[in-house]
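Below is one structure; the comments refer to it alone.
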Amino acid sequence: MRVNCRVRVIVGAAAIGISMLAAVVAQAAEAVRDPARGWDRLWFEVIVDITILGLLFAAVAAYFLIRYRRRDPGQEGSAPRLSPAMAVGWAIIPAFVFIADDFFLAGNGWQLWNNYREVPANRIEIQLESGMYSWDYTYPNGVRAQNELRVPAGKAVLLRMTSRDTIHSHFIPDFRVKEDSMPGRVTYMWFYPRQPGEHVVTCAEYCGIMHSYMVGKVIVMPEAEFSAWYEQEAARFAQAK
Amino acid sequence: MNVLKEWIFTTDHKRVGILYLIGSLAAFAVAGIVAMLIRIEHTTIGPTITNNPHDYNVWLYFHGAAMILGFQIPVLTGYFANYCVPLMIGAKDVAFPRLNALSVWLFYAGIVLALATFVMPDPPDVLWTGYPPYSTITSGNTAFYTFTVLLIGFASILGGVNFLTTIAFMRAPGITWNKLNVFVWSIFAAFVLQLIFVPVLGSAVTLITFDKYLGTTFFDPTKGGDVLTYQNLFWFYSHPAVYVIFLPFIGIVYEILATFAKNRVFNYKMVVYGGFGGIVLLTGEVWVHHLYVSGMADWIRVGQMVTTLLISVPVGLVVIGLVGTLYKGAITFQTPMLYALGTLFLFLIGGLTGIPLAVASLTIHLSDTYYVVGHFHYVMAVAGTFAIFGGIYYYFPKMTGRMYNETVGKLGFWITFIGTNVVFWTMMDIGVKGMPRRYFDYAHFPQFEFAHQIMTVGALFIGLGFALAIFNWIHGALKGEKAPDNPWGSKSLEWTTATPPPSGNWKEIPKVAEDWHPYAYGNR
Ligand code: HEM
Ligand SMILES: [Cu+2]
Ligand SMILES: [Cu+2]
């Protein structure tokens with residue numbers, strides 16, 4: 001009986017250990033940690049967190065409002081005066097609960113933040129100059145494009161951004177990423193396009209009269225298709241020169 | 001004629017307050033009508049009521065600037081502070097009545113400059129934030145923006161000097177610091193913030209005018225300037241400004257809750273020292289949460305994520321105080337109470353939806369979308385307006401000597417409350433899905449058209465509800481029943497004067513008993 005029990009514990013522990021190891025390996029295998037996925041995960045976590053807090057406060061308030069309606073005219077409230085210990089407790093204990101939650105969120109937020117800021121080494125690096133009212137991209141080999149950013153699927157894309165006039169903000173909702181571009185500074189952002197497809201790029205910083213018309217798109221192409229396009233464009237540019 | 005002169009040259013704090021009230025409600029009405037135009041413009045994709053995006057940008061400039069600088073800050077720190085603080089602390093007037101008069105004149109000058117937007121050929125189109133380089137290269141008249149901000153800011157500095165002095169030195173004998181109304185504390189804290197931070201805003205907007213008209217290059221990187229400096233200066237003021245609005249409006253909600261629950265304020269010292277004190281200490285260290293995607297250094301973005309999250313501690317204490325004040329109360333639900341509870345509800349949603357925005361990495365997606373616009377209308381714009389409307393209803397009998405109509409009051413509340421949730425909840429929803437703010441047109445987001453139409457209908461409900469309230473006040477002031485001195489049975493000092501209070505408030509400075517307290521209800 002006892003032996004049997006011990007065996008079960010060992011098997012159980014091993015199973016847990018192996019599955020944890022598998023998870024770690026799986027993460028490592030997925031070399032790129034995609035901030036967009038991290039965003040969706042953290043967003044869900046935070047929404048659960050604030051929903052619980054909100055329901056808690058709302059339920060208590062609703063209960064008080066129903067329970068403590070005035071019964072007869074002339075009635076006054078009868079909340080007891082708090083003893084000093086209670087008064088301090090009612091300040092310190094909630095404060096610590098909030099602080100704990102804050103640090104929990106800050107920790108998770110920081111992790112994701114680093115993810116957004118640390119660009120994978122295996123990447124394609126593109127220069128972006130924004131202006132009223134267009135997105136002008138320059139590829140490493142000199143190919144230029146306006147408002148259409150073609151990229152290969154499955155490779156991290158890094159944009160180094162600046163602006164020739166006002167402040168703009170390169171926002172790709174599908175990739176959960178944006179960052180301002182402005183004169184006099186170079187900012188950056190990166191994203192990880194997994195599959196071929198098209199995604200809206202839109203300006204998220206008020207930059208002038210036509211701000212809401214400053215649109216573009218990211219066109220994610222299969223690796224091979226992209227290379228073909230890239231080479232062809234390079235040749236075309238060389239010819240034009 | 002004589003009456004008019006009496007009002008214009010008045011130095012009586014109650015009349016100065018009422019002048020502030022009239023001016024700021026006028027600003028609210030115009031900015032509110034403009035909000036309706038903004039919403040109607042979005043009813044269809046593409047142009048709806050104007051073909052020119054510039055018109056939309058000017059409306060949005062006016063809506064934002066007038067709602068904050070012309071309505072909420074003046075009505076809270078001008079009207080409510082003036083009307084209530086001397087009455088609550090048992091003073092005959094404020095410390096410097098003439099300075100007070102000057103401050104309301106400056107405020108009116110600011111309102112006139114703001115309204116000039118609609119008659120000038122080249123109105124400002126820099127939105128209420130005025131970021132360079134756009135504000136220094138636009139053909140719009142940025143100087144009007146600058147001078148509006150400066151005039152109203154200066155009015156507020158005068159108010160700050162006045163009220164801090166009044167609260168510190170003019171309390172009636174026996175009214176100690178720990179017996180001040182929560183509202184008085186909130187005004188004290190708000191003006192401390194104004195005195196520290198308004199000058200920073202003043203310098204920021206002055207520098208853009210220098211850059212634009214005098215050829216300086218503070219914000220021009222091609223000549224040694226830096227565009228981000230402005231944003232840092234601007235938000236160094238404008239984040240605390242949120243608390244300049246929050247503190248007094250939550251102070252009003254405290255007064256209303258205590259009176260209509262006939263109950264002591266829950267854990268008064270926790271609210272005042274922990275809550276308000278904590279806010280004053282922290283609010284100057286969080287401005288970078290407005291710059292999470294502006295290309296600031298990483299260390300300061302992460303650092304201020306932590307300070308921003310920590311703001312939830314004092315704010316949480318303030319909310320616990322509000323809910324706690326209901327505990328074992330004797331609650332009734334007249335119009336002011338409905339608005340106060342409405343504020344609590346809206347603020348709860350607004351405060352909690354601010355938590356994702358504090359997390360820098362989540363804001364990378366959320367920044368500058370309708371999520372932000374929905375959030376700050378919940379937390380400040382409409383929560384504040386509900387508190388303001390509740391407060392006006394609350395003091396209406398004292399101010400005018402007459403009662404408003406309770407049925408119309410409640411009807412107006414419910415219409416606005418429903419409209420508010422329809423509009424701003426929808427806004428947050430499409431914001432998370434990617435709808436950017438400050439958009440005249442949303443042609444490349446056709447999937448949001450239906451949501452925009454719902455919001456337009458909701459906005460008209462909001463407008464109708466607020467209009468009912470204002471109609472109710474005008475009607476009540478002229479035709480309402482006579483009001484008693486203390487219609488709500490409050491224990492607070494301001495209700496012990498005659499209705500309406502005479503010039504000088506009391507024949508003699510009131511004396512309070514040893515165990516007096518503004519919230520001394522029940523068995524104490
Ligand atoms: C009466 C109901 C209101 C409605 C329907 C409304 C509607 C709107 C809408 C639709 C926008 C965003 C437009 C855009 O980004 O393109 C907006 C922006 C804004 N609203 Fe309101 N609003 C209302 C009340 C208020 C109040 C009471 C305040 C007081 C503080 C306020 C302050 C602002 C500010 C500061 C902005 C940002 C302007 C900017 O982006 O520069 N609003 N409002
Ligand atoms: Cu733009
Ligand atoms: Cu802020």
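Results, tabulated for the structure shown:
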{"item": "Residues of region B:319-345 that turn out to be surrounded by fewer than 24 Cβ atoms within 10 Å (Cβ to Cβ), under 24 Å from the mean Cα position of the chain (by Cα) and polar (S, T, N, Q), as a count", "result": "1"}
{"item": "Qualifying positions in region B:354-371 - under 13 Å from B:THR308 (Cα atoms) and touching a residue at least 24 places away in the same chain (Cβ under 8 Å)", "result": "B:GLY354, B:ILE355, B:LEU357, B:ALA358, B:VAL359, B:ALA360, B:THR363"}
{"item": "B:ASN263 more than 16 Å from ligand 2 (Cβ to nearest atom), in contact with a strand residue (DSSP E or B) (Cβ under 9 Å, 6 or more places away or on another chain) and within 11 Å of chain A (Cβ to nearest Cβ)", "result": "yes"}
{"item": "Filter pass, A:ARG117 being surrounded by fewer than 18 Cβ atoms within 10 Å (Cβ to Cβ) and either in contact (Cβ under 8 Å) with a residue 24 or more places away in the chain or charged (D, E, K, R) (or both)", "result": "yes"}
{"item": "Hey, B:VAL382 among the aliphatic types (A, V, I, L, M) and at the interface with chain A (Cβ under 8 Å from one of its Cβ atoms) or not", "result": "no"}
{"item": "Those residues of region A:170-200 which are within 7 Å of another protein chain (Cβ to nearest Cβ) and within 16 Å of the chain's Cα centre (by Cα), in sequence order", "result": "A:PHE171, A:PRO173, A:ARG176, A:VAL177, A:LYS178, A:GLU179, A:ASP180"}
{"item": "Single residue of A:PHE64, A:PHE57, A:PHE104 found to be at the interface with another protein chain (Cβ under 10 Å from one of its Cβ atoms), touching a Phe, Trp or Tyr at 6+ places or on another chain (Cβ under 7 Å) and either loosely packed, with under 12 Cβ neighbours inside 10 Å or over 22 Å from B:VAL293 (Cβ atoms) (or both)", "result": "A:PHE64"}
{"item": "Which listed residue, of A:ALA121, A:ALA87, is of a type outside the set (S, T, N, Q) and assigned to a helix (DSSP H, G or I)", "result": "A:ALA87"}
{"item": "Criterion violated by B:LEU257 - all others in (1) within 11 Å of chain A (Cβ to nearest Cβ); (2) within 14 Å of ligand 3 (Cβ to nearest atom); (3) buried (at least 22 other Cβ atoms within 10 Å of the Cβ) satisfied", "result": "(2)"}
{"item": "From B:ALA172, B:ALA114, residue being away from chain A (no Cβ under 14 Å) and surrounded by fewer than 24 Cβ atoms within 10 Å (Cβ to Cβ)", "result": "B:ALA172"}
{"item": "Lone qualifier among B:LEU362, B:LEU346 - being within 30 Å of B:GLN453 (Cβ to Cβ) and more than 14 Å from ligand 1 (Cβ to nearest atom)", "result": "B:LEU362"}
{"item": "Subset of region B:339-379 (residues that are within 30 Å of B:PRO487 (Cα to Cα) and within 11 Å of chain A (Cβ to nearest Cβ))", "result": "B:LEU341, B:LEU344, B:PHE345, B:PHE347, B:LEU348"}
{"item": "Unmet requirement for B:LEU195, which otherwise passes all of (1) surrounded by 21 or more Cβ atoms within 10 Å (Cβ to Cβ); (2) under 19 Å from B:THR77 (Cβ atoms)", "result": "(1)"}
{"item": "B:ASN505 more than 14 Å from chain A (Cβ to nearest Cβ) and either among the small types (Gly, Ala, Ser) or in contact with a Leu (Cβ under 9 Å, 6 or more places away or on another chain) (or both)", "result": "yes"}
{"item": "Single unsatisfied condition, B:ARG301 versus (1) modelled with pLDDT of 95 or more; (2) part of a helix (DSSP H, G or I); (3) of a type outside the set (Asp, Glu)", "result": "(1)"}
{"item": "Residue count, region B:185-243 (criterion: of a type in the set (Phe, Trp, Tyr) and either within 16 Å of ligand 1 (Cβ to nearest atom) or at positive phi (or both))", "result": "5"}
{"item": "Residue in region B:432-441 that is more than 16 Å from ligand 2 (Cβ to nearest atom) and touching a residue at least 24 places away in the same chain (Cβ under 8 Å) present", "result": "yes"}
{"item": "Matching residues in region B:447-498 - criterion: being of a type outside the set (A, V, I, L, M), in a loop (DSSP other than H, G, I, E, B) and surrounded by 15 or more Cβ atoms within 10 Å (Cβ to Cβ)", "result": "B:GLY480, B:ASN486, B:PRO487, B:TRP488, B:GLY489, B:SER490, B:LYS491, B:SER492, B:THR497"}
{"item": "Residue within region A:158-166 that is more than 14 Å from chain B (Cβ to nearest Cβ) and either over 21 Å from B:HIS444 (Cα atoms) or surrounded by fewer than 23 Cβ atoms within 10 Å (Cβ to Cβ) (or both) present", "result": "yes"}
{"item": "Unmet criterion (only one of (1) more than 16 Å from ligand 3 (Cβ to nearest atom); (2) buried (at least 24 other Cβ atoms within 10 Å of the Cβ)) for B:LYS223", "result": "(2)"}
{"item": "Test for A:SER78: is it more than 21 Å from the chain's Cα centre (by Cα) and assigned to a loop (DSSP other than H, G, I, E, B)", "result": "yes"}
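Condition check ((1) aromatic (Phe, Trp, Tyr); (2) within 29 Å of A:ARG69 (Cα to Cα); (3) at the interface with another protein chain (Cβ under 9 Å from one of its Cβ atoms)) across all residues:
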{"position": "B:TYR273", "(1), (2), (3)": "yes, no, yes"}
{"position": "B:TYR292", "(1), (2), (3)": "yes, no, no"}
{"position": "B:TRP299", "(1), (2), (3)": "yes, no, no"}
{"position": "B:GLN304", "(1), (2), (3)": "no, no, no"}
{"position": "B:TYR327", "(1), (2), (3)": "yes, yes, yes"}
{"position": "B:ALA330", "(1), (2), (3)": "no, yes, yes"}
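So that you can scan it fast, the table gives a plain yes or no per residue for (1) at pLDDT below 95; (2) away from ligand 2 (no atom under 16 Å from the Cβ); (3) buried (at least 16 other Cβ atoms within 10 Å of the Cβ):
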position	(1), (2), (3)
A:ASP180	no, no, yes
A:VAL186	no, yes, no
A:ARG194	yes, yes, no
A:GLY197	no, yes, no
A:VAL201	no, no, yes
A:HIS211	no, no, yes
A:VAL215	no, no, yes
A:PRO222	no, yes, no
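Okay, residues lined up against (1) surrounded by fewer than 21 Cβ atoms within 10 Å (Cβ to Cβ); (2) part of a helix (DSSP H, G or I); (3) within 16 Å of ligand 3 (Cβ to nearest atom):
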residue	(1), (2), (3)
B:PHE80	no, yes, no
B:PRO86	no, yes, no
B:ASN100	no, yes, no
B:THR129	yes, no, yes
B:LEU150	yes, yes, no
B:VAL161	yes, yes, no
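The values are calculated or read from the model by the stated rules, or taken from the named source; none is laboratory data. Only a predicted model underlies this, so the values are computations on that prediction, with no experimental measurement involved. Cβ sites come from the backbone with ideal geometry, for glycine too, and all protein chains shown count toward neighbours.
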